[in-house]
């Protein structure tokens, strides 16, 4: 019951702080004209959103970190390598996203960081992750419970970390195309990860990481107060990259990389449709879907934004409940 009480407490505090952050930040972003520039392919469906403030990820990033600091000051959590990896991944990816958003706003187009530079920065984060992971006494094991696989892959584990972080961060980034979609799905994912992580008692710092998940979930509720349709602010790459990378980091640390595919099934489907569309078009010059990511196809079919978000969140919720049953009970 103690962890449940702590979880509710951090979610409540994070919700309050993120709401206050949003009330303060959004007018500042508007004053700075930090508006989102939309793709020309979306202008017809989303032209009313042109100029909506971006970088809204700050609304859930700052409160989450602040709550962690407060818990540490009041000795409710301890400092360890595991929570350090999670927090560094969270902050460093948010920094990459912030730089990308800033350049887009400054240049008045959709050209932020180049793909090569963004990849180099992600490699640096993966190296930091791998270094802290190894010096803390962890083994570079490719450990897939579902398939009964447990192999020591040495330095290749660093590449594995990079792949997971890049894939998960880009998946959330691609999904962030409708008001409230990425934020709502991320809320479901982090509540699920919080529950599953608390069940990994063998992991040093498992309780701290679990509370981090619940704190971030609470902050996301506050963010969604401003992001649900019609959105007053977008999370931008500042938010989406940090959310996705953190999901991947927690999955790696808790050895639930495969289970993350189920927990984040909507993110996976969104990404796969983009890959399938690109590959198919390259070889045939034809499109399988009217538009990708797949949520835009549903828009083309006549579904409203709100209905698409509800439908996708229902799928995500069901998948996460199955993941909890498997990851905790079975």
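The values are calculated or read from the model by the stated rules, or taken from the named source; none is laboratory data. On a predicted model such as this, the values are computed, not experimentally measured, just so you know. All Cβ positions, even for glycine, are placed from backbone atoms using ideal geometry, and neighbour counts span all protein chains on display.
For the reader, a short list of remarks on this structure follows.
- Every test in (1) touching a residue at least 12 places away in the same chain (Cβ under 8 Å); (2) farther than 19 Å from residue 163 by Cα is passed by residue 256 save one, and that test is (2).
- Check on residue 287, in a loop (DSSP other than H, G, I, E, B) and either touching a strand residue (DSSP E or B) at 6+ places or on another chain (Cβ under 9 Å) or at pLDDT 95 or above (or both): no
- Residue, surrounded by the fewest Cβ atoms within 10 Å (Cβ to Cβ), within the stretch 136-159, restricted to residues that are touching a residue at least 40 places away in the same chain (Cβ under 8 Å) and in a helix (DSSP H, G or I): 147
- The stretch 210-244, residues that are surrounded by fewer than 24 Cβ atoms within 10 Å (Cβ to Cβ) and not in a helix (DSSP H, G or I): 228, 229, 230, 231, 232
- Scanning the stretch 252-266 for residues that are closer than 14 Å to residue 157 by Cβ and assigned to a helix (DSSP H, G or I) turns up 252, 253, 257.
- Looking at 185, 163, just one residue is part of a helix (DSSP H, G or I), within 20 Å of the chain's Cα centre (by Cα) and without any contact (Cβ under 8 Å) to a residue 12 or more places away in the chain, and that residue is 163.
- The stretch 189-204, residues that are touching a residue at least 60 places away in the same chain (Cβ under 8 Å) and crowded, with 23+ Cβ neighbours inside 10 Å: 189, 192, 193, 194, 196
For every residue, the table says whether it meets (1) closer than 25 Å to residue 208 by Cβ; (2) out of contact with any helix residue (DSSP H, G or I) (no Cβ under 6 Å at 6 or more places or on another chain).
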residue	(1), (2)
71	yes, yes
86	yes, no
89	yes, no
92	yes, no
99	no, yes
104	no, yes
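- Of everything listed in (1) over 26 Å from residue 258 (Cα atoms); (2) surrounded by fewer than 18 Cβ atoms within 10 Å (Cβ to Cβ), the single unmet condition for residue 322 is (1).
- Counting only residues that are part of a loop (DSSP other than H, G, I, E, B) and buried (at least 18 other Cβ atoms within 10 Å of the Cβ), the stretch 51-93 holds 6 of them.
- Unique residue being out of contact with any helix residue (DSSP H, G or I) (no Cβ under 6 Å at 6 or more places or on another chain), part of a helix (DSSP H, G or I), surrounded by fewer than 18 Cβ atoms within 10 Å (Cβ to Cβ) and free of Cβ contacts under 8 Å to residues at least 12 places away in the same chain when the list is 127, 120: 120
- Given (1) under 21 Å from residue 209 (Cβ atoms); (2) not in a helix (DSSP H, G or I), number of the condition residue 179 does not satisfy: (1)
- Any hit, the stretch 296-304, residues being surrounded by fewer than 24 Cβ atoms within 10 Å (Cβ to Cβ), outside any helix (DSSP H, G or I) and in contact with a strand residue (DSSP E or B) (Cβ under 8 Å, 6 or more places away or on another chain): no
- Leading residue by the ranking (modelled with the highest pLDDT) among those in the stretch 26-37 that are crowded, with 19+ Cβ neighbours inside 10 Å and in a loop (DSSP other than H, G, I, E, B): 34
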